[in-house]
Structure formats: structure tokens, C-alpha cells
Amino acid sequence: MTTITLFVLLFLFLLTGMPIAIGLGLSSVTTILFFSNDSIASIALKLLEALSEHYTLLAIPFFILSSAFLSTGGVAKRIIDFAINCVGWIRGGLAMASVLACMIFAAVSGSSPATVAAIGSIVIAGMIKSGYPEKMAAGVICNSGTLGILIPPSIPMLVYAAATEESAARLFMAGFLPGCVMGLMLMLVIYVVARVIKLPAQPWVGFKAFIRTTATASWGLMLIVIVLGSIYGGIASPTEAAAVSAVYAFLIAIFVYRDMGPLKGVPWRTSKDESIASIVMRNLGQTIMAVPRSINHPDTRRVFRDASKVAIMLLFIIANAMLFAHVLTTERIPHQIAELIMGWGLPPWGFLIVVNILLLIAGNFMEPSAIILIMAPILFPIALKLGIDPIHLGIIMVVNMEIGMITPPVGLNLYVTAGITGHDILWVVKAAFPWLSILLVFLVIITYVPQISLFLPEFIDHLKGY
Amino acid sequence: MFSRIINSLEEGIIAILLASMTLLVFVEVTARFGFNTGVMWAQELTLHLSCWMVMFGASYGIKIGSHIGVDALVRILKPKTRRIVTGIAVIAGLAYCTLIGMGAWVYLEKVYSIGIELEDMAIPKWVAHSILLIGMILIAWRLLVLLWEIITGKADGFKMIDEAKESMRLAEETKKIMAAQEGDSA
């Protein structure tokens, strides 16, 4: 009865179009008031605790801030140049390079639609110019943009960690290898397709140009190295790594790349014959002069506004979802569902099929973080009973959410791809479909080969001597 | 004019909270690795700053429409039905604010009468936690404004962020960069 009330209320509230956060909170509060003896003050306290006692969750605003600084067209351009020089000389190299660029930009920016917009608007046009079919270009970008939530640092993983009290650091380790496998799978298929329909390769740019683009891109790449290095090495928690990356991103965006802020458009080297001493002195002076102006610069303010908007929205949903999870656990709902499912005698692989189907359907209608928050508390105890590793379950959930981003009606990547190519949604869905099937194969592999997800965290545990 | 001042005030407060959280954790990490000392109260302060940012910002989010919801159904409704459904949703939202707000009031009253402080900082707990009540009042206020706009026909639904549209700004930006580059080489 309680279960039905809770879910029916939530469903009704969400249908009215109210913010998900309020829908989650209100359905939990009403259910508590009707069916339990908890006082209203204890509910308020629960909400407050959800907001002020989870240190891991602070990584979310910090990562969002750091990605807001680096989600610029300039950074996308540098990463694409680097990726093209890396793999462009292979047959079908431009498409492979866009996959690689998506992987890197997604790891830096953490947002799937932003990746599709930034990388896509550059490479899709480039691919068409080099003789690629437009459908293939759009489909590849639309799919590889989803890697953003699988390759760490990833917001949905932090959300899963908060919902299940698993280690966010271990999830970050677990997501890395699957992300690379997915990227390689896409590239492999591209290579085969390129052989079959005879797509061109880019000329090798030469070693000097390669070094130059690598050096330029390395400022952005360093962000991933810093974050993952410090987390994998056990030096810093995800929250601390995120704060460091936010400060680093601010410095890079404003003082090194100069994509925004007071130094925007000021070149490092004004003319070919400027002497090194003069370059050093002039830039040093300009940088020092720019420091005070950068703090209240309109660009900095815009980044903070964009980042805080997203962070507040997510954290407010999470706080209310924790209230929801609290109702679930006090009413022993996951436990009851677990027993019901155990009663069916479902083997672990059967359970995983059910999980995947459920998540794929849910992924069509809601935002990844919201789905994880609602589903994780229910699936988690069942998975534990069936002997499925919680980290593995987390990765399965995230891969499902990836697929949700490219399936209608709410697949955000589809809309962005439609926006940049100028075609309608139906065309994009058709273009993305063959590549979506690769993602589905990948989902099956991830689901039934837990070693791909668990290898890295276990290997790092082994290194540390556990 | 007046609403512009309020707007930039709200944005300013939120930005300062976010910036100080980030810097606090950054300084704490640097202190630990660089100088081998820690800041005892840093974690508690950061958590509370974040709590203030979220509860203060949630109402701002309703105003500018940064919250996400499922609008698949309301989008296909006729404008009039849509206004009625949204009206009901807003009233339900007000119920949420009232319930949590009442709970917060009872809780704050208790903490105030006991007079305890936070664990690591000498700040009365009721002061640090008062944001829950303040936040709920602010959200309720925004919802009332929205309700009025719906009744008078100025609005017909919650403002919702469209992430796909937001990302398009980035696409425009990259296109500009590409165009500028082609201009250079030509």
C-alpha cells in the first residue's frame, strides 16, 4: 500500500510537469505523513542532512564549475586538432579522430550534449567536406558524445555513489576501461566501414606539427591526468580533486588559453620577430595586470552563473531523492521487492536482463541522474543478494543512461545533432541507429563480463597491497 | 530596474558561495600537501556553504527556469488545460514548501531552545540551519509569483531548462572560431 501510494504520487506529480526535485520531495513527505509515525520536523531534518552531510556530493558543483571553464569552442578546437594528428592518417581517420576528440572533450566537460555541440559543429562539416556520408558523420558524433558520462570524472557516477554509499573513487576507476573499450569498438567499426566504402585518410602532418598540437592540447589533457591520477593514486578524494581541477580550469581558461576573460584575443606572440625576452616580459606583465580584472570579469561571472544553475538543480534533486530513498528504506520496500524477485528464482543473469530493460525504458523519459537516484536504492540490495558487485551494477546503470541519451523522445544528443546538422529528429534517429546497435552490443558485453569494469579497481587494490 | 538589482544580487550571492566553497577545499588540499597542516573546520564550513547555495538558489532556479521536469505530457495539452494542470502543480509545490517549512520551524525551535552549536565551529546550530526555512519561504514566494502569472495568463507552465538549446550556444561559438580561422588562411 505504502509502496503503491509513493510511486503513484510520484508519477502523478511528475506528469504535471513540476520540477523533479519537488515531485520527489512532495511524494515522500505525503507518504511519510500518511503511513508512518515520523514527525514533520524529522523529515525537515532529513532534507537538511541530505544537503549538509555528504562530502562526496560536493565534487558535483566543483566538476561542473571546472567543465564550465573549459567547455569552450577554443578548447574543442585544440582537442580536435590533437585527435586528428593522432589518428587522422588511418583510413577513416577523421571519423576516428572525432571519436577520440569526443572521448577527451567529454572527460573534460562531463556533459554529453555539450560534447556533441562543440565537437560536432566542427567535425561534421569537416567530414562532409572530405567525402564522408553526412549520415555517418552525424551518427558517429551523436553516439560518441554519450561517452562523457562513462569516462570519469562523471556526474552520474557521483550520484550513484551518493545514492548507494559506494566509493566514488572506485567507480571512477571502474568506468575508465569500459570507456576506452567503447571508444575502440566505435573506431574499429569505423575502420571496417572506411575500408568497405573507401573513405579517405588525412595526410600525416609531420612530426613537428604533431608535437605542437599535442603541446597545445596538453593543458586541457593535464586536467584529466591531475584528476584521475590523484584519485587513482589515492592521494586525494574525488571532492578534493574536483576542487583542484576547478581552480586549474580557471587558470588555464583565462591565463593560458585566453578563450575568455580580460586577456581574450591577446596573442602570446605579437609578431614573428619579437624576441624571447620581450615575449616573456610582456606576457608576464599582462598576466599580472589581468589577475584582478579576471575575478569580476563578465566571462567569469557567466561561467559561475551557468555552473551554479546546473549544480543547484542537481543537488536539489539529490537532496529530495534522498528523502525518497529514506521512505523506501524505512518502509523496507527494496527488501520486499528483493524477496519477491528472489522468490521467482531469477538467476543473476536474468535479473540483469530485467535491470537493463527497465533502465532502457526509463532512460527514454528522464534525466540520467534522476533515474539513478530513484532506481539505485531499489536495485542495489537485490544485486547484493544475488552476488553482483555494486560497482559493476553502477557501470551497467551508467551505460544504460548513455543509451537513453540517443533514444527518442528525450535523447538530448539527438536534438543537439539535429540542431547542428539542420535535419529533423527522424533523420538523426535513423543516422544514429546503426551506431546505437554498437552501443547495445557494448551494453551486453559490459553486463556479462564484469571483469572489464572490475579489473582496474581490483588491480589498484592489488598494487596497494590489499 | 528593481528586478535587475535583485537578479544580480541573487547571482552574486550564489557565485560567492560557489567560489568560496571551491577555494576553501583547494586551500585545504594545498595546506595538507604543501604544508602538512589541515584546517579542522573546513569540511563542515564547505558543506554548509553548499547547503546555503542550494537552498538559496533553488528559488532563483524556479525564477529563471533551471530546474528540470518531465514536460512530455503538458506539452501536448491545450493551452487552457495546460494552465490548469500547471496551476495544480504549483499549488502542490506550495504544499511541499509549507510542509517542509513547518517541519523546519519546529526543528529550528527545538535546536534554538537547546542552544547547541555546530560540531567544529562556534556557530549556533539554528543559525546555520535556518536556511532550510528561508529557502522554503523563498521557493514559496517564487511559486506564488508563478501562480499569479498563470492566473493572469502571462505564463502557461514551469519554465524549464532546455539543455539541448543551451548546448547550441557552444555550437555557434565553435562555428565562429572556424569561420575566423578560414578567414585568416584565405
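The values are calculated or read from the model by the stated rules, or taken from the named source; none is laboratory data. Being a predicted model, the structure only gives us computed values, none of them experimental. Ideal geometry is used to build each Cβ from the backbone, glycine not excepted, and the neighbour counts take in all protein chains shown. The area values use the complete protein model at the heavy-atom level, side chains included, leaving out ligands, DNA and RNA. Shrake-Rupley method; radii C 1.70, N 1.55, O 1.52, S 1.80 Å.
Of note:
- In region A:72-97, residue surrounded by the most Cβ atoms within 10 Å (Cβ to Cβ) [restricted to those that are under 24 Å from B:E166 (Cα atoms) and in contact with a Gly (Cβ under 8 Å, 6 or more places away or on another chain)]: A:I79
Okay, residues lined up against (1) more than 30 Å from A:R305 (Cβ to Cβ); (2) open to solvent by less than 30 Å² (accessible area, probe 1.4 Å); (3) over 23 Å from the mean Cα position of the chain (by Cα); (4) facing chain A (nearest Cβ under 10 Å):
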{"position": "B:K110", "(1), (2), (3), (4)": "yes, no, yes, yes"}
{"position": "B:I114", "(1), (2), (3), (4)": "yes, no, yes, no"}
{"position": "B:S167", "(1), (2), (3), (4)": "no, yes, no, yes"}
{"position": "B:A179", "(1), (2), (3), (4)": "no, no, yes, no"}
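- When B:W105 is tested against the conditions (1) open to solvent by 80 Å² or more (accessible area, probe 1.4 Å); (2) in contact with a strand residue (DSSP E or B) (Cβ under 9 Å, 6 or more places away or on another chain); (3) touching a residue at least 24 places away in the same chain (Cβ under 8 Å), the lone failure is (2).
- Checking each residue in region A:292-311 for being of a type in the set (A, V, I, L, M) and without any contact (Cβ under 8 Å) to a residue 12 or more places away in the chain picks out only A:I295.
- When region A:356-408 is filtered for residues that are among the acidic types (D, E) and at pLDDT below 90, the ones remaining, listed by number, are A:E367, A:E402.
- Taking residues in region A:190-215 that are within 16 Å of A:M136 (Cα to Cα), and partners anywhere that are charged (D, E, K, R), the pairs with Cβ atoms closer than 9 Å and at least 6 places apart or on different chains are A:Y191/A:R91; A:A194/A:R91; A:R195/A:R91; A:K198/A:R91; A:L199/A:R91; A:P200/A:R91; A:A201/A:R91.
- Residue pairs whose Cβ atoms lie under 6 Å apart, sitting 6 or more positions apart in sequence or on different chains, and linking a residue in region B:40-56 that is facing chain A (nearest Cβ under 7 Å) to a partner that is among the small types (G, A, S) and surrounded by fewer than 22 Cβ atoms within 10 Å (Cβ to Cβ), are B:H48/B:A128.
- Within region A:352-370, the set of residues being assigned to a helix (DSSP H, G or I) and either buried (at least 20 other Cβ atoms within 10 Å of the Cβ) or of a type in the set (K, R) (or both) comprises A:L352, A:V355, A:N356, A:L359, A:G363, A:P368, A:S369, A:A370.
- Looking across region A:290-304, the residues that are of a type outside the set (S, T, N, Q) and either in a loop (DSSP other than H, G, I, E, B) or within 20 Å of the chain's Cα centre (by Cα) (or both) come down to A:H297, A:V303, A:F304.
- Pairing each residue of region B:1-26 that is free of Cβ contacts under 8 Å to residues at least 12 places away in the same chain with any residue that is among the β-branched types (V, I, T) and open to solvent by 70 Å² or more (accessible area, probe 1.4 Å), provided the two are 6+ apart or on different chains, yields C-beta distances under 9 Å for B:A19/A:I295.
- Checking the stated criteria, A:Y160 turns out to be touching a residue at least 40 places away in the same chain (Cβ under 8 Å) and within 22 Å of A:A50 (Cβ to Cβ).
- None of A:A242, A:A201, A:A253 is surrounded by 13 or more Cβ atoms within 10 Å (Cβ to Cβ), touching a Lys or Arg at 6+ places or on another chain (Cβ under 9 Å) and of a type outside the set (K, R) except A:A201.
- Among the helices (runs of 4 or more DSSP H) confined to region A:400-466, the ones with at least 3 residues that are without any contact (Cβ under 8 Å) to a residue 40 or more places away in the chain and open to solvent by 60 Å² or more (accessible area, probe 1.4 Å) are located at A:425-448, A:450-463.
- Among residues of region B:138-151 that are charged (D, E, K, R), those with a Cβ under 7 angstrom from a residue that is open to solvent by less than 40 Å² (accessible area, probe 1.4 Å), sequence gap 6+ or separate chain, pair up as B:R142/B:S59; B:R142/B:I62; B:E149/B:A155.
- Any hit, region A:86-106, residues being within 13 Å of chain B (Cβ to nearest Cβ) and charged (D, E, K, R): no
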